[in-house]
Amino acid sequence: MPLQPDGRDAPLSTPDSSRESRDRAWVESIRTGDVPAFERLFRTYYDRLCRSVAAYVGDRDATEDVVQAVFARIWEDRAHWMARDLEHYLFAAVRRRAISVLRHASVSLRTAPLLALDHAARAGVGGADEEFEAWELRRRFERAIAALPPRTREAFVLSRSEGLSYDEVALRMRISPKTVGVHVSRALAALRRVLPGIVAVGVAITRK
């Protein structure tokens, strides 16, 4: 065992302490906008987080959307992001997000018939205005996508617009699936800044 300068035994570094030191360094680096640190964080935890969320959500696409949303929010709010225990933070965040998604889906299923009736009742009233708003939303969303870095835009469009899996996008772009995930997370964060509150709608638009 190595000795400290005063001759006492130095404490051994445990895997947990090593991980915690690494995670603290990542948090501090990401807060300053360090993209490589964010990518390392993503690659290290992404698969485990997806497996954790799958237990709640089940569907692969929904699982990846949940995890992507958490990473996107981290990058979006990186300057103010705090996480003392990073691993616990990430697993708790994706669990809360998954539960929120399931709760929203449950409410949507219950209210869908009422929404359909309401839409039918209002059909023809203000229809032109609604059509214009949808067109304007699409234009704003497409401009925001066009402003993304080329590789980030390509990964996002292939995944969200063409509906390719991460493996398929990775094969097309000749990168790893985890790098695809990094690009998609960064795209979502950028789009949220430009189009706050309507990114989910925009993603739905691109998937049509």
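The values are calculated or read from the model by the stated rules, or taken from the named source; none is laboratory data. Remember, it's a predicted structure, so these values are computed and weren't measured experimentally. Glycine also receives a Cβ, built like all others from the backbone with ideal geometry; neighbour counts cover every protein chain displayed.
Glu64: at pLDDT below 90, farther than 18 Å from Tyr166 by Cβ and touching a helix residue (DSSP H, G or I) at 6+ places or on another chain (Cβ under 8 Å), yes or no? Spelling it out, it is not the case that Glu64 is at pLDDT below 90, farther than 18 Å from Tyr166 by Cβ and touching a helix residue (DSSP H, G or I) at 6+ places or on another chain (Cβ under 8 Å). Contact map, the stretch 150-172: first residue assigned to a helix (DSSP H, G or I), second residue crowded, with 21+ Cβ neighbours inside 10 Å and of a type in the set (Lys, Arg), Cβ cut-off under 6 Å, separation 6 or more or different chains; pairs are Thr152/Arg186. If you scan the stretch 64-100, which residues turn out to be in contact with a Gly (Cβ under 9 Å, 6 or more places away or on another chain) and acidic (Asp, Glu)? If the condition is that a residue be in contact with a Gly (Cβ under 9 Å, 6 or more places away or on another chain) and acidic (Asp, Glu), then Glu64 is the only one that fits. Taken together, the residues in the stretch 54-89 that are under 25 Å from Pro36 (Cβ atoms), part of a helix (DSSP H, G or I) and of a type in the set (A, V, I, L, M, F, W, C) amount to 10. Looking across the stretch 173-186 at every residue that is without any contact (Cβ under 8 Å) to a residue 60 or more places away in the chain and in a helix (DSSP H, G or I), the one that is farthest from Trp81 (Cα to Cα) is identified as Met173. For Ser100, the criteria (1) modelled with pLDDT under 90; (2) surrounded by 21 or more Cβ atoms within 10 Å (Cβ to Cβ); (3) not acidic (Asp, Glu) hold in every case but one, which is (2).
Restricting attention to the stretch 119-149, the residues that are at pLDDT below 70 and surrounded by 14 or more Cβ atoms within 10 Å (Cβ to Cβ) add up to 1.
Answer yes or no: is there a residue in the stretch 34-53 that is more than 22 Å from Trp81 (Cα to Cα) and polar (S, T, N, Q). Yes, the conditions are met somewhere in the stretch 34-53.
Among residues of the stretch 155-176 being surrounded by fewer than 14 Cβ atoms within 10 Å (Cβ to Cβ) and of a type in the set (Gly, Ala, Ser), the one that is farthest from Pro36 (Cα to Cα) is Gly163. Restricting Thr152, Thr179, Thr206 to those that are under 26 Å from Val35 (Cβ atoms), surrounded by 14 or more Cβ atoms within 10 Å (Cβ to Cβ), of a type in the set (S, T, N, Q) and at pLDDT below 85 reduces the list to Thr206. Being over 28 Å from Leu164 (Cβ atoms) and touching a helix residue (DSSP H, G or I) at 6+ places or on another chain (Cβ under 8 Å) is the filter; apply it to the stretch 81-97 and report the residue that is surrounded by the fewest Cβ atoms within 10 Å (Cβ to Cβ). Of everything passing the filter in the stretch 81-97, Met82 is surrounded by the fewest Cβ atoms within 10 Å (Cβ to Cβ).
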